[in-house]
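The values are calculated or read from the model by the stated rules, or taken from the named source; none is laboratory data. Everything numeric here is computed off the predicted structure, so don't read it as measured data. For neighbour counting, all protein chains shown are included, and Cβ atoms are generated from backbone atoms with ideal geometry for every residue, glycine included. When the accessible area is computed, the model is the full protein with side chains, heavy atoms only, and any ligands, DNA or RNA have been set aside. Shrake-Rupley method; radii C 1.70, N 1.55, O 1.52, S 1.80 Å.
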Amino acid sequence: MEAGVRLSDMTRVNCLLYADDVALIARNAAELQTLADEVTRWARQCKLKINAAKTEYLAIGARQNGSINLDGTMVQPNDDIKYLGYHKNRTDVGTHHAKRLEQAKKTLRNIQSVNRRLPRLAVKHKLHIIQACLDATYLYGIEVTSGTKCSKITAQADVVRRFALRDTLRLPRGVANEVIHIDAGLEYLDTTVRCRRIKLAQKVMNRHDYSLTKRVLRTAIDVNTEWVRQVREDAGESITNMYNRGEQHVRETIERLKKADRAAQMRRLHTK
């Protein structure tokens, strides 16, 4: 079938399967309708029924006009969809960050409830809970996007995390943000996001892995996207050069970012 998006290595992608989720990828509405008809035919042969009520349709970088016929049900286009927990908006690159921030705020309330019920829980265990729950909630899928708006939302997420850290460490409200991070032994979330981008870039550059996901991301690197420019800025060098110098160099780059974060915290603290 000719429908789908062609990658730089001539691989054509028109369908992504994960458990019971199916994502169809097409260049235009006509191709998408062809793919939808093919999936419907396949489902009938297997005596399966596709849930049209849970089916979403998003056009990226194009006008969303018209609908898709899915086994007799018309599916209307949406401005925002969610696939495997990742929120994608037609025009707003910060949608996923904003959604994760909302989830992080809910997680904060749950953490506060746990702390109230377990007052004798050691501080180090409470800090582990913050990292395992609050940090993980916000950071899910964050490293695949970049931009000014994304950075601003990450800064807001840092405020939420500092609230949890201040409460856990029992610090007064007027204490400097740098003191909170230093006492907790944690970097700013923005630094964590940058480190995760570099790790992802390093995995993508591993040419010995030919999985579809890495081929897709490899294409993004080849066309020099905004994400690639952000990683280059974070690492201080090109992704190709960083990878060619070996995995140890990548780890050293990440450690350098973390040390720079801690040094910046100390400088800001002394300035105040």
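Here are the numbers for the structure shown:
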quantity: Radius ratio Rg over Rh of region 229-272, counting only Cα atoms, Kirkwood formula for Rh; calculated: 1.13
quantity: Whole-percent pair-distance distribution, where bins are 5 Å wide, for the alpha carbons of the chain; calculated: 1, 5, 10, 12, 15, 13, 13, 10, 8, 6, 4, 2, 1, 0
quantity: Sequence-distant residues sharing a close amide H with Ala3 (under 5 Å, placed H); calculated: none
quantity: Residue-span extension gain [Lys54 to Leu84] - 0.36 nm each, minus C-alpha spacing; calculated: 9.5 nm
quantity: Pairs from Lys49/Lys106; Lys49/Lys105; Lys54/Lys149; Lys99/Lys126; Lys82/Lys124; Lys54/Lys203 whose Cα-Cα separation, in the structure shown, is over 31 Å; calculated: Lys49/Lys106; Lys49/Lys105; Lys82/Lys124; Lys54/Lys203
quantity: Cα-based equivalent ellipsoid, region 59-201: semi-axes from gyration tensor eigenvalues, Å; calculated: 36, 17, 12
quantity: Computed [θ] at 222 nm, deg cm²/dmol, the chain (DSSP H ≥ 4; -39,500 (n - 2.57); rounded to nearest 500); calculated: -17500 deg cm²/dmol
quantity: Computed magnitude of the charge dipole of the chain (debye, nearest 20; Cβ of K, R +1, Cβ of D, E -1); calculated: 1180 debye
quantity: Cα convex hull of region 18-120 - mean projected area over all directions, nm²; calculated: 9.2 nm²
quantity: Where Arg109, Arg196, Arg173, Arg100 fall by accessible area, highest first, once all protein chains stay in place (1.4 Å); calculated: Arg173, Arg109, Arg196, Arg100
quantity: Residue-level accessible surface for Trp42, protein heavy atoms, 1.4 Å, Å²; calculated: 130 Å²
quantity: Tyr140 accessible area, 1.4 Å probe, all protein chains in place, Å² to nearest 10; calculated: 100 Å²
quantity: Exposure rank, largest accessible area first [Thr34, Thr148; 1.4 Å]; calculated: Thr148, Thr34
quantity: Gain upon complete extension [Ile182, Arg44; 0.36 nm per residue less C-alpha separation]; calculated: 43.8 nm
quantity: Cross-link partners of Lys88 among aspartates and glutamates (Cα-Cα below 17 Å; sequence separation of 8 or more within a chain); calculated: Asp21, Glu56, Asp79, Asp80, Glu102, Glu143, Glu226
quantity: Gaussian network model of the chain, springs between alpha carbon atoms under 10 Å - residue of Met242, Met205, Met74 with greatest fluctuation; calculated: Met74
quantity: Segment Asn110-Lys258, length gained on full extension (0.36 nm per residue, minus Cα span); calculated: 50.4 nm
quantity: DSSP H segments from the chain that extend 27 Å or more along their own axis, Cα-based, with Kyte-Doolittle mean of -0.5 or above; calculated: 148-169
